[in-house]
Amino acid sequence: MAVKLERPILMGGIGLSLGLWLLQSLQHSASEFGQMMLFSLALGSAGLWWWKQQGTEPLQLSPPPESLNQDLVEKAIAQTQALIQRLATETATQDSRLEALQQQTEQLKTHLQRTNLNIALVGNKGVGKTALLQRLQSDWLTQQSQTLSLTEVSATDLNSPIPNLTTADVVLFVTGGDLTDPEFKILSGLVANYHRVILVWNKQDQYLVGDQPVILQQLKTTLTGVLSSDDIIAIAASPNPVKVRQHQEDGTVQEWLEAQSPILDLLTKHLDFIVSQEQQALVLATTYREALGLRQEAKEIVNQLRREQALPLIEQYQWIAAAATVANPVPALDMLATAAVNAQLVMDLGAIYQQKFSLQQGQEVATTISTQMLKLGFVEISTQTLTSLLKSNTVTFIAGSLVQGVSAAYLTRIAGLSLIEYFQAQDIQLEAPENPSLNWDNLKKTLQTVFQQNQQASLLQSFVTQAINYFTVQFKPKQTVESSVS
């Protein structure tokens with residue numbers, strides 16, 4: 001592979017490290033690496049907990065969003081249009097997906113004029129969504145003068161933090177009793193995303209009459225600050241039949257099961273009020289979500305395109321770092337050469353993600369990443385792990401300097417992948433910042449996550465195989481030694 005040396009920072013950094021090595025080699029030989037220490041990463045575990053006790057303090061989540069208005073929604077649509085247009089211009093080739101998003105965005109303003117409303121029923125399995133849907137369709141929907149649609153969301157959709165309910169104007173969140181922690185988080189997320197939510201406690205008939213108001217009040221207490229108490233309603237869509245016993249004059253007793261009428265009046269009256277009085281607000285909120293959703297889709301498409309450009313760049317720089325490290329047998333100079341490579345990598349990746357880093361900023365970011373890797377123990381862990389894998393390879397055993405080279409390549413790869421993940425998590429701006437700044441706490445967390453993900457045995461073995469192939473081609477006359485004897 002052709003080594004990329006036209007970058008001034010690479011030439012300066014690698015050249016400086018080579019010069020210092022030559023100077024030091026005249027005085028004394030390089031010292032060997034000391035004894036490596038294992039770095040243990042402890043993983044915590046958490047389980048689901050249930051809200052089953054009266055007086056349990058509600059979870060502290062973000063407060064409900066502020067009210068939307070026409071100007072705010074139209075501004076969001078305009079921003080989404082401008083962003084998708086810029087992203088379409090930025091990409092090297094025309095992407096049909098972005099063109100489709102542009103067309104959808106242009107249609108959003110017409111959505112503000114619609115009069116039909118969409119109502120979705122969500123909830124976990126067994127809470128009675130289907131029975132409620134059928135009752136509403138037969139007893140309530142047929143009496144409405146405006147166009148309404150009722151749909152049921154399958155229970156599997158609740159596995160995600162917020163179900164895909166972008167186009168639902170009203171959400172009936174059905175539960176069978178007190179809320180679990182996951183249900184509470186989903187419901188709160190829906191409210192924060194400008195959904196009009198009604199909590200429907202179904203199957204109240206399965207509880208004792210004296211317990212029903214207690215449970216209802218507990219739900220209202222749990223959702224204080226999230227939902228209005230008027231939006232928390234108890235119903236029985238399909239109540240169980242009641243056993244009736246009748247004593248006859250001849251002393252015999254007759255028993256039978258008597259069907260009960262659904263208890264839906266409070267819910268249907270509340271729905272009547274919402275669809276008649278809040279239609280404009282509902283449409284505004286849904287259109288706003290659609291605009292944000294299209295913006296997110298555009299971001300995902302562009303991130304994919306940018307990632308496809310960034311990954312080959314990382315692979316190129318990781319082998320440059322490896323070659324620079326092999327050329328410098330002094331560990332301190334290895335870090336100097338690797339830092340020079342990583343600084344240029346920061347600048348080139350920043351250019352792909354519209355982050356214009358200066359030379360000084362690139363050096364600062366690379367230095368901070370290297371420091372964090374040392375503090376977190378990544379250097380020791382990766383060197384020891386890769387050494388073990390290289391020694392166990394049946395094809396060849398790599399000499400000490402090449403072990404350091406493989407480790408440098410691996411850490412450069414981790415740094416590059418971490419920057420990709422960090423950049424992709426950021427909001428895409430209409431104008432690229434001239435002096436971008438990084439959130440070091442978030443970058444540190446990203447480094448830890450990416451490092452852990454790439455510690456899988458299969459990924460490490462694959463990387464070692466690539467490294468052996470690379471060094472076999474680049475250094476076979478000088479750096480390959482005889483096969484090890486098991």
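Points to keep in mind about this one:
- Residue pairs exceeding 32 angstrom between C-alpha atoms, taken from 125/243; 299/445; 185/445; 75/185; 75/203; 129/243: 75/203.
- Shown is the FRET efficiency for residue 246 and residue 181, computed with R0 = 41 Å from the Cβ-Cβ distance and rounded to the nearest 0.05: 0.30.
- Cα-based shape type of the stretch 135-256, given that a ≥ b ≥ c are square roots of the gyration tensor eigenvalues and the cut on a/c is 1.5: prolate
- Ordering 184-194, 408-418 by mean Cβ neighbour count within 10 Å, with the highest value first, yields 408-418, 184-194.
- Sorted peptide list for 140-152, 119-131, 222-234, 100-112, criterion being average Cβ within 10 angstrom, highest first: 119-131, 222-234, 100-112, 140-152
- Given R0 = 22 Å, the distance between the Cβ atoms of residue 429 and residue 75 translates into a calculated FRET efficiency of 0.90.
- Percent accessible area from carbon and sulfur atoms, the stretch 237-321, protein chains only, probe 1.4 Å: 48 percent
- Average accessible surface area per residue within the stretch 400-472, 1.4 Å rolling probe, Å²: 45 Å²
- For peptides 283-295, 379-391, 202-214, sequence by mean Cβ density within 10 Å, most packed first: 283-295, 379-391, 202-214
- The residues of the stretch 212-291 present an accessible area of 56 Å² per residue when probed at 1.4 Å with all protein chains retained.
- Overall form of the stretch 245-324 per C-alpha gyration tensor (a/c, 1.5; a/b vs b/c): oblate
The values are calculated or read from the model by the stated rules, or taken from the named source; none is laboratory data. All of these numbers come straight from a predicted model, not from anything done at the bench. In this analysis, Cβ positions are derived from the backbone assuming ideal geometry, glycine residues included, and neighbour counts consider all displayed protein chains. Surface areas here come from the heavy atoms of the whole protein model, side chains and all, with no ligands, DNA or RNA. Shrake-Rupley method; radii C 1.70, N 1.55, O 1.52, S 1.80 Å.
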